[in-house]
Structure formats: C-alpha cells, structure tokens
C-alpha cells in the first residue's frame, strides 16, 4: 500500500538560552499509510508538536528527510501545503468572525469557487448550522474545535494533522471530536494525530507510535503493541463505572428528558 | 497579493466590529481637538502671532496622536493572532509566508488613513482652512503614511513578543505623549530650556512643522528632510527588529 507520510531519521535541536542546546527529536522514523488514522502517543515534551510542525512545513528539521503525500519536505514545501491541513493544539479560529465567515475565509484563501456554499455544507456537516452566524468567540470549546476541523477540511486536503485535538475539551466535546475524526477517516482522508491520552489513541488509531524523549520506542497496531507485553492473565474484578461513565450517563439523561 | 487583500479584509472586519477601537482611534482625537481649540486655544493664542488660526495650528499634532493610538490596536490585533494560533494555521496553507504580517501592516495603514480623513473633515467644520495645492496635500499625505508605517513597524515588535494585552499596548503611551512635548500645540519657545531642547530635536516637531508649513503654503525648508529621515530611520530600525522577532517566534 502507498504511504501518505514517510519520515526518516528526523532530528531537531532547539537552541535555548545561553547557547544551551536541547535535542527534541533524536532520529524519528515512521510511516503513515494512505487513509489510516495514525497516532503519535507521548507525554508533554516528547516532541509530538515539533514533529507535526516539521511535517506541516512550519519548522525546518536539522537532519533527516520526509515526504508528505508523495512530496519531499525540503524541495516541495509548497506542494505539501496544498495537500495538508494543520489543526494546532489550540483551536485556531478567528473569534471575531462568525463561524460561517471563518470557513469562507479559508475557502477564499484556497481559491475555492463558491465559498459561501461550501461553508454552509461544512457547517451543516459539523452540526454548526444554528451557530453559523454567531461570532466564533461565543462558541463552546467543543464547537470551536469542530469549527477548527471544518476549516481544515476546506479544499479536501489528502492529509490532516491534528495536534492534540481534544486537549482542554470536556468529555462531551471529546466524544464529538472523536466521532468527527472517525468520519473523516471513513471518507479516505489520512490522519496523523498526536495525543497524550492513551484512551484516545486506542479509540481512534489504526496504528500507534509511542514517542518518548525524541525517539519512537514502539510502533504498530494496538494488537501488535499488546503482544509486546506478557500474555494477559484472566482475573475477575467487579466492573466499577468510571467517573466519566457516570458523568456522561447523567448528562445524557438530562438531555433526553 | 490577493491573499494579503483577503486577510486585510478580515482585519478590517475586526475594526468595524469593535466599538472600542472606533471610539479610541477616532472619537478620542476629535474630543482632544475640541478641547485644544475651545478650552486651551484662547490662552495659547496669546503666545502666537496675531493672525494664526489655532484650528490649523494644532491639527498636525492631533493627527499624529490619532496615529499613535491607532497603532496600539495594530499591536493588539497581532497579539490576538499570535495567541489564538492563527499564524500556524495560515502559514501551513498554500499562501505567501509574509501575507499575514503584511495584512496587519496594510490594515494599520488603511484604518489610520480613514481616521485621518475623518479628523480633517471635523476640523473643516471647526474652521480649519488650507491654501495648499494638490501637490502640498500629496506631500502631507506621504509624510502621514510614512509616520504611520514607522509606528506600525514599531507596533509589530510588541505585537509579536508581548505576553499580555497590557504589554502589547503599553509601548504606545510614550508615542501618544510625544506630540505634547513638541511644537504641536504650543510654540517650543515658551518651554523651559531642557524641555525645549528635547522638543526641538525629537521627530514629532519636524513632522508637525513640515505639515503645518505645507498646509499653509509656507516654505518648508530643511525641516522636511529631517522629518523624512526620522520616518525612514524608524522604519528601517523597527523593521529589522520586527522581522527578527517574527522569524524567531513564528
């Protein structure tokens, strides 16, 4: 199968204060297949955002090579920018413009014909039609994220980077985003997402790479990763609902009545 | 170019939807002009030549104050874009790398020019009269554009580097104050010597004197070259530091 992203021995060193140098990426290799959801799992400071920023042409790497959608990172950054969209760690929406104007703005910048129609259909798809003409600053965290992702879909990019798409969201907002991401992948879009939540990687990703202190220390499907551990012991324990289960159940009841 | 235009349209919407911006950049300078002309004007006139029209006299200073308050919002809008992560969003798109920054600069220029036209119209109602021809007016507009660009590039630096809204706008207070310590509202001869030396050697005095002379069809002399040198010099230095901040932060 063809690869949407190929990363080879990527290195990045940041110069800190007083000449101190920190190696953030110490030789990162991974490949993402076309149409899959690939998760970069790691704690804060592992180098996830740096990797995403390099692959989306915002940062230059110090060593190594990469291709995105078949284009070389060093020699064809313009082509890469045409085939990707980046949804950063914080929902980057213009809070003064309305949701509709936000989508239209991106459509105009990408030279899409009929930006207004595209905006209406994307907002409908993300359940934002009712809020379309309200300033994005009045949206909830989950709504801003959905608008953010909707803006990223303008021009149908082949590869979407989602940098910690659910950080800072409440449980409902997180479920909304998960549903959206799954739908995108079903439509054939390649998604590279970073997350620090194990559950998120487990829920969404076809394959998972664990990034730790600038290196990929494990890479594979969830099944493959599970095999790295000793075979499971069967134990019987009482299943307690997690606080999240309780919270969502109560909220769900309230909304249904 | 097209992308810069689209992004400038976005920022102009920000201004039109912010009553706070409109009040500060247009209404406040007009209120100050009313105060200078109708409250202080009578007293100041006694130290001016007999046939001086004080509305004409103070107008250049009011315009420079309006520009200084206008560019505080340039820094603010830039800071908002930095804080809300708009730069990575736009810079990972197939548009020119400098389009976003230039859209901020153009918005600053455009909005300040609109403010200037509004203030001149109000001044006309208050009795401002000019015997200047088209050429003089073009030179005046050219100086105002250069001054706006100079302060805009100064504003870009805190806009990119500031940690808070207060930090991003605090730099504009000294700039707002410069016209008061110049020949803008009173003749510098009336000031104590230390202040007078400062007033006569800071950029605003040469700019105010040039605009005043051009609008009243008087010979401008060397002062206009001093004014232009200040503007171009500030643009060059501020541009250097602004680009350095832009490259390291964004």
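The values are calculated or read from the model by the stated rules, or taken from the named source; none is laboratory data. All values reported here derive from a predicted model rather than from experimental measurement. Glycine gets a Cβ as well: all are built from the backbone with ideal geometry, and neighbour counts include every protein chain shown.
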ask   = Looking at B:107, B:74, B:24, which is the one that is surrounded by fewer than 19 Cβ atoms within 10 Å (Cβ to Cβ) and under 19 Å from the mean Cα position of the chain (by Cα)?
value = B:24
task = Name every residue in region A:13-51 that is exposed (fewer than 12 other Cβ atoms within 10 Å of the Cβ) and more than 18 Å from residue A:162 (Cα to Cα), in order of residue number.
result = A:15, A:16, A:17, A:18, A:19, A:20, A:21, A:22
request  = State all residues of region A:68-92 that are in contact (Cβ under 8 Å) with a residue 60 or more places away in the chain, in contact with a helix residue (DSSP H, G or I) (Cβ under 7 Å, 6 or more places away or on another chain), facing chain B (nearest Cβ under 10 Å) and in a loop (DSSP other than H, G, I, E, B); if no residue qualifies, say none.
outcome  = A:88, A:89
request  = Please give the helices (runs of 4 or more DSSP H) falling wholly within region B:1-95 in which 1 or more residues are modelled with pLDDT under 95 and closer than 23 Å to residue B:106 by Cα.
outcome  = B:2-16, B:19-22, B:28-35, B:54-83, B:86-91
ask   = Restricting attention to region B:195-207, does a residue exist that is in a helix (DSSP H, G or I), exposed (fewer than 12 other Cβ atoms within 10 Å of the Cβ) and in contact (Cβ under 8 Å) with a residue 40 or more places away in the chain?
value = no
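Table: residues versus (1) farther than 17 Å from residue A:86 by Cβ; (2) surrounded by fewer than 23 Cβ atoms within 10 Å (Cβ to Cβ).
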position: B:67; (1), (2): yes, no
position: B:92; (1), (2): no, no
position: B:95; (1), (2): no, yes
position: B:111; (1), (2): yes, no
task = Those residues that are more than 8 Å from chain A (Cβ to nearest Cβ) and over 15 Å from residue B:159 (Cβ atoms), I need them from region B:80-97; list them, please.
result = B:96, B:97
message = Which of the numbered conditions does residue A:63 fail, given that it passes all the others? Conditions: (1) surrounded by 17 or more Cβ atoms within 10 Å (Cβ to Cβ); (2) more than 13 Å from every other protein chain (Cβ to nearest Cβ); (3) closer than 20 Å to residue B:248 by Cα.
response = (1)
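Yes/no matrix, rows are residues, columns are (1) touching a residue at least 40 places away in the same chain (Cβ under 8 Å); (2) closer than 21 Å to residue A:252 by Cα; (3) in contact with a helix residue (DSSP H, G or I) (Cβ under 8 Å, 6 or more places away or on another chain):
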position: A:134; (1), (2), (3): no, no, yes
position: A:138; (1), (2), (3): no, no, no
position: A:141; (1), (2), (3): yes, yes, yes
position: A:144; (1), (2), (3): yes, no, yes
position: A:177; (1), (2), (3): no, yes, yes
position: A:183; (1), (2), (3): no, no, no
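What are the residues in region B:169-181 that are in contact with a helix residue (DSSP H, G or I) (Cβ under 7 Å, 6 or more places away or on another chain), part of a helix (DSSP H, G or I) and more than 18 Å from residue B:47 (Cα to Cα), if any? It would help to see each step written out before you state the result.
If we filter region B:169-181 for residues that are in contact with a helix residue (DSSP H, G or I) (Cβ under 7 Å, 6 or more places away or on another chain), which is where we start, we get B:169, B:171-172, B:175-176, B:178-179, B:181.
Now restrict to residues that are part of a helix (DSSP H, G or I): B:169, B:172, B:175-176, B:178-179, B:181.
Within region B:169-181, B:169, B:172, B:175, B:176, B:178, B:179 qualify.
Output yes when any residue across region A:105-117 is over 19 Å from the mean Cα position of the chain (by Cα), surrounded by fewer than 16 Cβ atoms within 10 Å (Cβ to Cβ) and within 17 Å of residue B:94 (Cβ to Cβ), and no when none is. Walk me through it before giving the result.
Going residue by residue through region A:105-117, those that are over 19 Å from the mean Cα position of the chain (by Cα) are A:105, A:107-117.
From what's left, surrounded by fewer than 16 Cβ atoms within 10 Å (Cβ to Cβ): A:111, A:113-114, A:116-117.
Then drop every residue that is not within 17 Å of residue B:94 (Cβ to Cβ), which leaves A:111, A:113.
For region A:105-117, residues over 19 Å from the mean Cα position of the chain (by Cα), surrounded by fewer than 16 Cβ atoms within 10 Å (Cβ to Cβ) and within 17 Å of residue B:94 (Cβ to Cβ): present.
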Among (1) at pLDDT below 95; (2) under 25 Å from residue B:47 (Cβ atoms); (3) within 20 Å of the chain's Cα centre (by Cα); (4) assigned to a helix (DSSP H, G or I) - the single one residue B:184 does not satisfy = (4)
request  = Being more than 9 Å from every other protein chain (Cβ to nearest Cβ), farther than 20 Å from residue A:58 by Cβ and either surrounded by fewer than 18 Cβ atoms within 10 Å (Cβ to Cβ) or touching a helix residue (DSSP H, G or I) at 6+ places or on another chain (Cβ under 8 Å) (or both) narrows it down to one of A:123, A:153, so name that one.
outcome  = A:123
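Of all residues being facing chain B (nearest Cβ under 7 Å) and surrounded by fewer than 23 Cβ atoms within 10 Å (Cβ to Cβ) in region A:93-104, which is nearest to residue A:167 (Cα to Cα)? Just the residue, please.
Residues of region A:93-104 that are facing chain B (nearest Cβ under 7 Å), as a first pass: A:94-97.
When the remaining residues are screened for being surrounded by fewer than 23 Cβ atoms within 10 Å (Cβ to Cβ), the result is A:95-97.
Details: A:95: 19, A:96: 23, A:97: 23 Å.
Restricting to residues being facing chain B (nearest Cβ under 7 Å) and surrounded by fewer than 23 Cβ atoms within 10 Å (Cβ to Cβ), the top hit is A:95.
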inquiry  = I'm told residue A:140 meets every condition in (1) more than 12 Å from chain B (Cβ to nearest Cβ); (2) buried (at least 17 other Cβ atoms within 10 Å of the Cβ) except one. Can you identify the failing condition by its number?
reply    = (2)
